[in-house]
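The values are calculated or read from the model by the stated rules, or taken from the named source; none is laboratory data. Quick caveat: nothing in here was measured; it's all calculated off a predicted structure. Glycine also receives a Cβ, built like all others from the backbone with ideal geometry; neighbour counts cover every protein chain displayed. To get the accessible areas, we keep the full protein, side chains included, count just its heavy atoms, and leave off ligands, DNA and RNA. Shrake-Rupley method; radii C 1.70, N 1.55, O 1.52, S 1.80 Å.
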Amino acid sequence: MAFIDDLAGLALLPRNQLPEHELQLARYSLLDWVTCGVAGIGEPLAEKLRQLADREGGKPVASVFGGTRVPARMAALVNGATSHALDYDDTHFAHVGHLSVGIYPAALAAGEDQAASVEEVVEAFLVGAEVAIRVGVVLGSAHYNLGFHQTATAGAFGATAAAGRLYGLDKEQMRTALSLCATRASGLKSQFGTMGKPYNAGIAAANGVECAQLAGLGFTSADDGLMGVQGFVETHTPQPDPEAGWVTPPPETFLFRDNKYKLHACCHGLHAMIEALSEVREAETLALSDIEALHLRTAPRWLRVCNNPAPRTGLEAKFSYKWLAGMTLRGDQTGSDRTYTDEICTDTELAAFAGKVTVEGDDSLTDAQAEGALTLVDGRSLTIRHDLDAPIPEEVLAGKLRAKAEAVLGPRGIAIWNRLDQLDGMAAQALGDSLSE
């Protein structure tokens, strides 16, 4: 039971053992999550989930994006799905999933329920994110490649850890909560391109709140539902990597420091290509007609995620190398969700350019890399390459995320980021109240 014990200990690390750099990134993640959630309020799936929450009723203890106060578990469900509705949230490539949308909804709901501070919510998110990453790397890429959505599967363990910390679980109760989560965590990639994908994030958050609450009430579970016989790892991946996440990390080795933030409103698997092509566009004045061919190499995993050759809707366009390549080179605003309309899928110029694009997997590339070549009509060949793992200074990252919020929400986005220096003195309920403003 060593791994599950390590995770329980990690979830309960005291504040003075949490690394300051990662705590600051967690604050950025909080504001980026709020930005994505507010932007998703008007989405049909968000409206349907708010209707579900209203219909179910219950004790109003936690806030909902665009709605009122509802039970903590339901708030986590609605807010997780709403914030992932536009697919504009952060990604951790080792975890192979989105951390904020599955964990912050659970942390904030539990924080409001327990009258916690935002600072405590941020701390809970950070340890929850680290738990999710550690479970994700143990499950390995084979789990994801089988068709599981790790935002919801590994992410549920992170949501459980975050909620459990805020509900005041002790180490034994935390282990029970994580073991219960093993029988609750779920989510499939077959839902991509539908309302089911963001729903997966909501499921993770709701499962975390539920498992933490049940453990606090004395609910029992298998001793080790995660690594034990017929536990989650044994039943959900053919190639587990126990050593990858086994030891509770000291602060200097927190894996959350590698979390990546979306600056384009589409699948994160496309971002390295977009950045590479944007660099070409800044250096060269090119029309799509000046390009004879684009040959792109990417990590093989993305070929089954974001290589839709002929998208039919704006949502499907967010998962298409061929369409995003043309949109980027043409100068379309890939950072604005309003760009991804159904009409763009019938754009004849983009359709013609898509026929010039070939995409292949390259095992030598990481999930954060893309490279290839543009062949021009004039005979030149331009090499393209970008690595999302290249470090970005904190202040530069904050500026980019603030600009993203402004692009998505206008003045409201600026107002969200103006709270950055106020977070540690704020009550969780005050932050929750702002979700419906």
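Points worth noting:
- Helix 321-330 axis, angle to the chain major axis (alpha carbon atoms, nearest 10°): 60 degrees
- Straight-distance crosslink candidates among lysines, where the alpha carbon sits under 26 Å from residue 189 and sequence neighbours closer than 8 are dropped: 48, 197, 260, 262, 318, 322
- Here r is the Cβ-Cβ distance between residue 310 and residue 336 and R0 is 35 Å; the resulting FRET efficiency, rounded to 0.05, is 0.95.
- The modelled label-to-label distance between residue 414 and residue 47, using points 7 Å beyond Cα along the C-beta direction, is 3.0 nm.
- Modelled label positions at residue 287 and residue 396, each set 7 Å beyond Cα in the direction of Cβ, lie 3.4 nm from each other.
- Residues listed by number, segment 135-162, amide nitrogen under 14 Å from residue 241 label point at 7 Å toward C-beta: 135-145
- Spatially, segment 59-138 and segment 369-399 are offset by 32 Å when compared through their Cα centroids.
- Radius of gyration (Cα atoms) of the chain, expressed as a multiple of 2.2 N^0.38 Å: 0.95.
- Net charge dipole size for segment 351-437 [Lys, Arg +1 and Asp, Glu -1 on Cβ; Debye, nearest 20]: 440 debye
- Rounded accessible area of residue 148 (nearest 10 Å², 1.4 Å probe): 50 Å²
- Distance (nanometres) between label positions extended 7 Å along Cα→Cβ at residue 186 and residue 253: 3.6 nm
- Point-charge dipole on Cβ atoms (K/R +1, D/E -1) for the chain, about Cα centre, debye to 20: 940 debye
- Computed extension gain for residue 114 through residue 349, at 0.36 nm per residue and net of the alpha carbon distance, reaches 79.2 nm.
- Taking amide H as placed 1.01 Å from N in the peptide plane, residue 306 has no amide H partner under 5 Å among residues 5 or more places away or on another chain.
- Relative contact order, percent, the chain [alpha-carbon distance under 8 Å, six or more residues apart]: 20 percent
- On a per residue basis, segment 168-302 carries 43 Å² of accessible surface, using protein heavy atoms and a 1.4 Å probe.
- Averaged over its residues, segment 1-131 has an accessible area of 27 Å² per residue, based on protein heavy atoms and a 1.4 Å probe.
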